[in-house]
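**Student:** Attaching a single structure in structure tokens format; questions to follow.
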Amino acid sequence: MSRYFSSKFDRLTPYTPGEQPSDLSRFVKLNTNESPFPPSEAAMECARGLLRPLNLYSDTTCGDLRRELAAIEHVDPDELIMTNGSDEVLDYAFACFCDRDHPAAFADITYGFYPVFAQRNLVPYTVIPLKDDMTIDPEDYTGIGKTIFIANPNAPTGITLSADALEKIIASNPDNVVVVDEAYADFSGVTCVPLIRKYPNLLVTRTFSKSRSLAGGRLGYGIACKELIRDLETFRYSLNPYNINSMTIAAGIAVLRDEETVRANIAVINANRAYTTEELTKRGFRVLPSGANFVFAMHPDIPGGVLYEKLKDRGILVRHFTAERIREYNRITVGTKEQMDLLLAAVDEIRKEN
Ligand code: PMP
């Protein structure tokens, strides 16, 4: 750290992203929960036609994109804010809705960016442990008077909380915003979006990175009542109104016009998730019940870190976390059936060695 780096960031520990190898041909990439399916040719062709000339700045309002997305989400365009990945709207939420009087609260095992966003925004936060079975106890969040962040399905566990349980949490904290991070909700089918008109303190965040195959485009969004969206827009226009570039706007609209492919891909990924869960279970793994496009699995005889390394030696990248409670697990993105068979074959080899 240089002597110029502000001491206000003394305690800032940055997020560690999953590996992004430049030589993709060397790996089966099951480590960062991307879709194994690129956007369709038709969508890419459509995006080329929609591209605004790059000598001009991008549309700060994302007007066309927001209109088409609003129709799909059954909300008004001004109940939506578009951001550079959903990471950006999550960061805005820490900045806009948390402070000393509204400290943040989230689970001990959840998306690793939450504590980073809290630290970056100098926001105090409370960490609430998951139960022994890695589920959230809704009671722990009832009437706690804090700005709550819940990923649903949770990551890296994949476990889904019901919309009813979430509604009780939202209703019992009327003086604080409750953020439901639905990055993976297209794979679980459970969503809180219909609740935004009932609860002025609900912000749902979603992304084009997973089910919509656009992780590299960096496109996410928030859905909330108009007042909350206005607050977030005030913040966005105070930082970078051009947060979404024109290529991504065009790609986003094009992907929305090809919802059929998106729905078909979700069905394939969910079928492959069931297959992977079943096959890993047969091989002695404990696999948590997942509503996402990944599974979280541990083998009683193979330490998590060893499995991670041995899979990597065989060209298969998964995600391993070193936190005490989950270090025996690996998070494995659900890819194509062929990719999952390569994973299972590698697991069989490793089990023989053990
Ligand atoms: N929330 C959760 C739970 C995630 O796992 C991710 C992906 N790393 C994100 C949000 C952010 O994804 P993106 O910025 O690509 O929308």
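Read-outs throughout are calculated quantities, based only on the coordinates presented, and are distinct from any laboratory measurement. The shown structure was predicted, so the numbers you read here are calculated from the model rather than taken from an experiment. Positions of Cβ are backbone-derived with ideal geometry, glycine not excepted, and every protein chain shown enters the neighbour counts.
**Student:** Going down the table (LYS29/LYS310; LYS210/LYS310; LYS310/LYS337; LYS29/LYS210; LYS29/LYS352; LYS210/LYS282), which pairs top 18 Å between alpha carbons?
**Tutor:** LYS210/LYS310; LYS310/LYS337; LYS29/LYS352; LYS210/LYS282
**Student:** Alpha carbon centre of segment 6-43 versus segment 135-160: separation in Å?
**Tutor:** Rounded to whole Å, the Cα centres lie 24 Å apart.
**Student:** Counting only helical runs of four or more DSSP H residues, what would the 222 nm mean residue ellipticity of the chain come to if each run contributes -39,500 (n - 2.57) and the total is spread over all its residues?
**Tutor:** -11000 deg cm²/dmol, from helical runs alone.
**Student:** Calculate, in nm to one decimal, what THR336 and ASN55 gain on full extension: separation in residues at 0.36 nm each, minus their alpha carbon distance.
**Tutor:** Taking THR336 through ASN55 to full extension adds about 97.3 nm, to one decimal.
**Student:** Project the alpha carbons of segment 289-354 onto their principal axes and report the range along each, largest first, in whole Å.
**Tutor:** 32, 32, 18
**Student:** So who's got an amide H within less than 5 Å of the one on LEU161, skipping anything under 5 residues away but keeping other chains? H placed 1.01 Å off N, in plane.
**Tutor:** Result for LEU161 returns ASN154.
**Student:** Subtracting the Cα-Cα distance from 0.36 nm times the residue separation, let me have the gained length for ALA323 to LYS168 in nm, one decimal.
**Tutor:** 52.8 nm
**Student:** Modelled label-to-label distance, ARG120 and ARG11, 7 Å Cα→beta-carbon offset: nm?
**Tutor:** 1.8 nm
**Student:** Here's a follow-up. Straight-line reach from LYS168: which aspartates and glutamates have a Cα under 16 Å away, not including same-chain ones fewer than 8 places off?
**Tutor:** Those aspartates and glutamates meeting the cut-off are ASP137, GLU139, ASP140.
**Student:** Determine which lysines satisfy two conditions relative to LYS226: a Cα distance under 20 Å, and not lying fewer than 8 residues away in the same chain.
**Tutor:** Straight-line reach from LYS226, under 20 Å: LYS198.
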